[in-house]
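The values are calculated or read from the model by the stated rules, or taken from the named source; none is laboratory data. Predicted, not measured: the structure shown is a model, and the values here were computed from it. Please note: Cβ atoms are built from the backbone with ideal geometry, for glycine as well, and neighbour counts cover all protein chains shown.
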């Protein structure tokens, strides 16, 4: 792609893509890279650099899926270079608290959230990834399939198995 075409593509498209997707890509990459936020920033930056080289029309109608796929491949490349895969770290970056009129309810929700994140951290890596793509980022099974390169039916099995395990383990922890 020539530099003029790349500049035309960058117009408002790339900055708006960065604004819309940078935070979720950073969380995703940080998870894939076992909590290493610095390497995650590098991976996300590489992802947006690759976006700048793409014709807008080629990615515009499936932008989030394209970004997550490129980000995942780049993060896996980084891990491959190290020669080891790491488990996801616990989810402090994902912890979000909402204003709630009942203080006890907010504490209970926070504890439930933390417990679920701990349980998710105990799942196999492939189940953790599809659960996070589905419930944290809102991707469809088909989109998750394209991002992770698992079949759609395998994504469904992974999500189903993970949800069943989370339900059982969460129920076992309740008094």
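Checking the stated criteria, residue 5 turns out to be modelled with pLDDT under 75, part of a helix (DSSP H, G or I) and either over 22 Å from residue 129 (Cα atoms) or within 19 Å of the chain's Cα centre (by Cα) (or both).
If you go through segment 160-175 and pick out every residue that is farther than 15 Å from residue 117 by Cα and surrounded by 13 or more Cβ atoms within 10 Å (Cβ to Cβ), you end up with 1.
Among the residues of segment 112-138, the ones that are outside any helix (DSSP H, G or I), without any contact (Cβ under 8 Å) to a residue 24 or more places away in the chain and either surrounded by 15 or more Cβ atoms within 10 Å (Cβ to Cβ) or assigned by TED's automatic domain parsing to the domain that holds residue 72 (or both) come to 0 in all.
For segment 139-155, the set of residues classified as within 17 Å of the chain's Cα centre (by Cα) and surrounded by 14 or more Cβ atoms within 10 Å (Cβ to Cβ) consists of 139, 141, 143, 144, 145, 146, 147, 148, 150, 155, listed by residue number.
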